[in-house]
Every structure is written in C-alpha cells, then in structure tokens.
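The next block holds one structure in the form of structure tokens; read it before the comments.
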Amino acid sequence: MEVLEKNQYNLIKLQESSFIEFEKRFGEINSNHIIVILSEDFNIRKKNISFFLEVAKIQKINNKSFVVVKNGVDIDEIPELLNITPTLGEAEDVLEMEAIERDLFK
C-alpha cells in the first residue's frame, strides 16, 4: 500500500495483498478526501465492497469524499453510495463535484 498526500486528497494505491493493511490504517488516513486506486489484479469481493461502503459512509458523515479507481468494473453490481471511476482524472472530477455539492447544501 502506498499513501501519497496530494493538495486536496490522499491518494492510496492498493493491491489485494495490502487490503488488510488499509483496513487497519484507515483511521490514520481518513482526515482528508480519499482516492483509492486498485491494482489491475485486485479482485473486488463482497468483503471489500462492504468495507469500502463503510468508508464511504464515514467520509460522507465527515463531509469528505471517497472514490475508488478501478477499470473494468460493472457499475450495476456496485451499490450507488460507492463512487467508482475508471481513471484518476474522473475520480478528481468526482471530488470537485462533491465539493460543489457540499457548498450548495450548507
């Protein structure tokens, strides 16, 4: 797992082998918006989706965004609360749109 602190978010590069580390360290890194890039070989399982949904809920409560980047995911199989995009650029766009949304509904 690699964590990079960008200006407006934390970028986490996650491989399937480091998923447990991400679960354990989430409390340390959730102080900002989060984008998680899943490796090409990362196999999304129900357990992973459940954890990502919990993270998304926590981030939303804290007025923060959470986006997962993974190419080739069938959006219809993912709950609506979880933002998944195929590219980092689209994930950054989601962060911007959610920031605008938060400002509008203050």
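Is it the case that some residue within region 27-42 is surrounded by 14 or more Cβ atoms within 10 Å (Cβ to Cβ), of a type in the set (Phe, Trp, Tyr) and part of a strand (DSSP E or B)? Quick ask: steps written out before the conclusion?
Narrowing region 27-42 to residues surrounded by 14 or more Cβ atoms within 10 Å (Cβ to Cβ): 29-30, 32-38, 42.
The next check asks that each one be of a type in the set (Phe, Trp, Tyr); those that pass are 42.
Within this subset, residues satisfying the condition of being part of a strand (DSSP E or B) are none.
No, that holds for no residue.
Would you tally the residues in region 56-90 being touching a strand residue (DSSP E or B) at 6+ places or on another chain (Cβ under 9 Å), in a helix (DSSP H, G or I) and not charged (D, E, K, R)?
Residues that pass the stated criteria total 5.
Tell me which of these ASN48 doesn't satisfy, since it passes every other one: (1) at pLDDT 90 or above; (2) open to solvent by less than 30 Å² (accessible area, probe 1.4 Å); (3) within 19 Å of GLU2 (Cα to Cα).
Just one mismatch for ASN48, condition (1).
Quick one: in region 63-79, which of the residues that are open to solvent by 80 Å² or more (accessible area, probe 1.4 Å) and polar (S, T, N, Q) is farthest from ALA91 (Cα to Cα)?
As a first pass, look at region 63-79 and keep what is open to solvent by 80 Å² or more (accessible area, probe 1.4 Å): 63, 71, 75-77.
Now restrict to residues that are polar (S, T, N, Q): 63, 71.
Values: ASN63: 16, ASN71: 12 Å.
The qualifying residue farthest from ALA91 (Cα to Cα) is ASN63.
Given the residues GLY72, GLY27, which is the only one that is at positive phi and not polar (S, T, N, Q)?
One residue alone meets the criteria, GLY72.
Okay, residues lined up against (1) on the phi > 0 side of the Ramachandran plot; (2) among the acidic types (Asp, Glu); (3) surrounded by fewer than 16 Cβ atoms within 10 Å (Cβ to Cβ); (4) outside any loop (DSSP other than H, G, I, E, B):
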| residue | (1), (2), (3), (4) |
| --- | --- |
| ASN10 | no, no, no, yes |
| GLU92 | no, yes, no, yes |
| GLU98 | no, yes, no, yes |
| ARG102 | no, no, yes, yes |
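With respect to GLN15, determine if the residue is open to solvent by less than 10 Å² (accessible area, probe 1.4 Å) and among the polar types (S, T, N, Q).
On the way: open to solvent by less than 10 Å² (accessible area, probe 1.4 Å): no; among the polar types (S, T, N, Q): yes.
Against the criterion (open to solvent by less than 10 Å² (accessible area, probe 1.4 Å) and among the polar types (S, T, N, Q)), GLN15 does not qualify.
The values are calculated or read from the model by the stated rules, or taken from the named source; none is laboratory data. Note that this is a predicted model, so its numbers are computed, not measured. Please note: Cβ atoms are built from the backbone with ideal geometry, for glycine as well, and neighbour counts cover all protein chains shown. Areas reflect the complete protein model, heavy atoms only, side chains present, ligands, DNA and RNA absent. Shrake-Rupley method; radii C 1.70, N 1.55, O 1.52, S 1.80 Å.
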